[in-house]
Structure formats: structure tokens, C-alpha cells
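Participant: Here's a structure for you.
The values are calculated or read from the model by the stated rules, or taken from the named source; none is laboratory data. Only a predicted model underlies this, so the values are computations on that prediction, with no experimental measurement involved. Reconstructed Cβ throughout: ideal geometry from the backbone, glycine too, with neighbour counts over all protein chains shown.
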Amino acid sequence: MLDIKLVREQTQAVKTGLGNRNFNTAVIDEVLKLDEKYREQRTRLEQKQQALNAASKAVGMWMGKLKKDPAAPVPKEIADALGKTPKGPDEAKEELRLFGDQISNIDRMIGELGKEIEARLQMVPNLPSAQTPVGKDETGNVVRKTWGEAPKFAFKPKPHWELGKHYGLELETGGRISGSGFPFLRGPLARLERALINLYIDFHTRENGYTECWTPFMVRRETLVNSGQLPKFEEEMYQLGKGDELYLIPTAEVPLTSVHADSVLDKEQLPIRYCAFTPCFRREAGAAGKDTRGILRVHQFSKVEMMVTTTPDKSAEEHETLTRCAEKLLELLELPYRRLELCTGDIGFGAARCYDLEVYAVGVEKWLEVSSCSNFTDYQARRAKIRFKDADKQNKLCHTLNGSGLALPRVMIGILENNQDAEGRVRLPKALHAYYGKEFL
């Protein structure tokens, strides 16, 4: 969530950044109008509270004087607070009680205005960083790096849905059980999925210094708000029964972001690096008709997520490190990939800067996103109140980052399609032999 102080003091810069994201900045004007009312009422509240405090103190002193002098005049503080002169202490106390009710009403109004401002700001995306290329849509993304080459075959390579039939990809079975978008894996491919998950987790914990976590797969609404998924992406979520108010997670980023919610961390603890394997559940409401063959786009899939919490001065460095962790995995798996830097018109809602890693799959002849590595700066930390104590013992907002390390379905597509032979056999990358137990599926 954006800092209201930033919106107030650097309005044009905020509007320019949001405009580069194709975001309608009219909401910023709405926020500023509400903020003006909010600050006016805060000033009014403070003035009335000061007047009430002074008048309440004066009542006590007046009553003491009246015992000695029944003609003692009404103190100025009481008359100023009430805007009139009460006839006696009893009337003054009753009027001050009503005055206190007015203050309570103003306080409630301030609370409502604050909630309204927050609700509007929750629908405003993060500002892109100065390094993010400006572009209208995905055509403005920039290829920053490529690694490896797509294999060449003397035969026409098959897409994964044809190859997968022989190795346990049962789309029809999953469809009967749960509907389309819920693939069922049996035998070799189920074993391959488990092998990949174990490789990912071992690599991140042993080589990259991540702490393995096991998270809940269902979370409360406020947990999704903390990570920026709600209220913006409500239609993408799977929500449980009305009485539960729980949602199935779209990514492990959601529970991992809230591990340190409402916390003040010691600077020496940072950076904190977590990784977790979870299933991920997404309705993909905005993707109807896209990539419907095989397991290119599904409603349930497995993923290992990397999550970093750090100080603002280290977040750019951590972004590069996190992205390299995902890239090294792709290199271990011998998959040709490219690093895209997303432009302002294509970057994720909460991200300030983002790299997508895409694997080339020869069967479908496409670049497939297998990881999205984002620096959220303080956007999530402000929502979740994740802070650290700096050298001056002041509480400052942390920066959060996350990236897929890696998602499963499209990595499996790359392995199947890029390692096939003319007979339909699939050779596994060397890094998987020990995890899978043999060289071929």
C-alpha cells in the first residue's frame, strides 16, 4: 500500500508512476479529498479535546471557589469550550458531557474516513521503480539475459499432452474428479513432481541459505490483504464456506508474508530468507480461453516459493540474488531460459520491479513463464506492519521480495518436450537422476 504522506507530498510523481502502469489516477484525487477532510477533522478533534480538558479542569476549580464565594464568575475556559455561559456547575458538567459526545462523534468520523482512505489505497498498485522500463503492455518487456539453446530434432517434437499420456498425465481423470484445470498425475509424472520439489527445496536450503517452512494452505482474509492479493484479486480466489472466512492460497507468498506481520525485527536478523513448497489454487478468472491444452494453465499446481524480508538499502541486491537462485535451478535442469524485465504496463500489482524467467519448450514452441521474481519495496510491509529497528532505534518499514523457485507444471513441460527422442522416451537432466532414481522417465 502506498504511503499517504507520499501521495500527499509528491502527488504528481505518484500520478506519473501510476499512469505509466495504465492505472486510472482519478482515485488519487479522491484519496486526497478524503485526506483533507481527515486532517481537518483531526485538527478539530485536537482543538476540542484541548478545550474539554481545560474546561473540565476549570469546573473543579470553579466549584472550589463557589464554596467560598457563591458569586464566583464562570471561568473563561468553560465559556469558550461551550460557546455560552452556564448558570451553574451542574449545567456546566451536563454541557461538557454533551461536548464530550460531540468529540466521540468526531473521533468516529475520523475512524471512518481513515478506513475509507485505506480501502481506496488498497486498490492502488505499487509505484514502479526508476529502473523499471516504461511500456504500455507486454510488448514493452525487455529481454535482459538468455541462457542455453533450444534443442533441435530430426523429427517433429510432440507437445507434452501427447508425451504425457504415456507417463501418467491424466487430464480426463482430473476433470472427472474436480473439473478442468485440475490435472491428475499417476506413476512416472507423479514421481517426477516429487523429485523436482525435493531438488528445489534441497537447493535453496543447502546452497542459498533459505529456511524451509511448511505453511497452512488456507488463510484468513487479512493474510491475503497483507500480501496485496485482496481486495484487488477477489475473483481469482477460492473461498471456503461462508462461515469459515478462509481462502485457499494462490501461492506460498501469502502465508510467508504474514509470518512477521505486526512485528518489529532487529536489524541484525535481516535479511530473513524463507522457502516453502505448497499447492497453489487460482481460478484464473481473467484467462478464459488461454492456453487450455495440457497443463499450460491450471487451477491447482505445485510451487516452491522464495520469500525475503530485508532492509530498504539491501532490497535491490536481494532482488538480483533471489533471481539468480531461480536461474541456477533452471541451469541445473538444463532448460534454456531467458530473463525478462517487465515494463510498467505489465508488472504485477504489488511489485516495484520484476523479472520473469521463461523456459523455451519445443513441443508447444513457446516461452513459458516458470518464475516471477519481484521486489515489493515497502508496499506489503506497510499493509502487514513488518518493521525493523534501525541504528537510531527508530521503527522503519522492511522491504519484501519473493520469487518462484520454481513452479512445477511448466518446468515439467520443458523437461518432457525438450528431452524427448523419436520413440517418445524422455531423458531426465543429470541433476534429477538421484532424486528420481533413474535416467529416463
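Participant: Which of the residues that make up the stretch 174-210 are polar (S, T, N, Q) and in contact with a His (Cβ under 9 Å, 6 or more places away or on another chain)?
Facilitator: Ser178, Ser180 - these are the residues of the stretch 174-210 that are polar (S, T, N, Q) and in contact with a His (Cβ under 9 Å, 6 or more places away or on another chain).
Participant: I'm trying to understand the selection: among the residues of the stretch 407-435, which are basic (Lys, Arg) and not in a helix (DSSP H, G or I)?
Facilitator: Selection gives Arg425, Arg427.
Participant: Please work out which residue is farthest from the chain's Cα centre (by Cα), limiting yourself to the stretch 194-238 and to residues that are outside any helix (DSSP H, G or I) and of a type in the set (Gly, Ala, Ser).
Facilitator: Only one residue fits best here, namely Gly209.
Participant: How many residues does the stretch 127-166 hold that are within 19 Å of Arg338 (Cβ to Cβ) and without any contact (Cβ under 8 Å) to a residue 24 or more places away in the chain?
Facilitator: Total meeting the criteria: 2.
Participant: Which condition number in (1) assigned to a loop (DSSP other than H, G, I, E, B); (2) of a type outside the set (S, T, N, Q); (3) touching a strand residue (DSSP E or B) at 6+ places or on another chain (Cβ under 8 Å) is the one that Tyr360 fails?
Facilitator: Answer for Tyr360: the failing condition is (1).
Participant: Could you please give the count of residues in the stretch 8-23 that are buried (at least 16 other Cβ atoms within 10 Å of the Cβ) and either among the acidic types (Asp, Glu) or not in a helix (DSSP H, G or I) (or both)?
Facilitator: 2
The rows are residues; the columns are (1) at pLDDT below 90; (2) part of a helix (DSSP H, G or I); (3) at positive phi.
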site: Lys5; (1), (2), (3): no, yes, no
site: Arg42; (1), (2), (3): no, yes, no
site: Lys57; (1), (2), (3): yes, yes, no
site: Ala71; (1), (2), (3): yes, no, no
site: Thr85; (1), (2), (3): yes, no, no
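Participant: Going by what's in this entry, would Asp101 be described as in the same structural domain as Thr43 (by TED's automatic domain parsing), surrounded by fewer than 19 Cβ atoms within 10 Å (Cβ to Cβ), within 30 Å of Gln49 (Cα to Cα) and free of Cβ contacts under 8 Å to residues at least 12 places away in the same chain?
Facilitator: So Asp101 passes the test.
Participant: Output the residues belonging to the stretch 391-406 that are surrounded by fewer than 23 Cβ atoms within 10 Å (Cβ to Cβ) and either within 25 Å of Val298 (Cα to Cα) or in contact with a helix residue (DSSP H, G or I) (Cβ under 6 Å, 6 or more places away or on another chain) (or both).
Facilitator: Within the stretch 391-406, just Leu397 meets the criteria.
Participant: May I pose another question? Only one of Leu246, Leu169 is in contact with a His (Cβ under 8 Å, 6 or more places away or on another chain) and either outside the structural domain of Cys398 (by TED's automatic domain parsing) or not aromatic (Phe, Trp, Tyr) (or both). Can you tell me which?
Facilitator: Leu169
Participant: Here's a follow-up. Just checking, does the stretch 168-177 include any residue being aliphatic (A, V, I, L, M) and in a loop (DSSP other than H, G, I, E, B)?
Facilitator: No; the residues of the stretch 168-177 include none that is aliphatic (A, V, I, L, M) and in a loop (DSSP other than H, G, I, E, B).
Participant: Give all pairs with beta carbons closer than 6 Å in which a residue from the stretch 205-221 that is assigned by TED's automatic domain parsing to the domain that holds Asp244 and under 26 Å from Arg282 (Cα atoms) meets a residue that is in a strand (DSSP E or B) and among the small types (Gly, Ala, Ser); count only pairs at least 6 apart in sequence or on separate chains.
Facilitator: Cys213/Ala276; Thr215/Ala276
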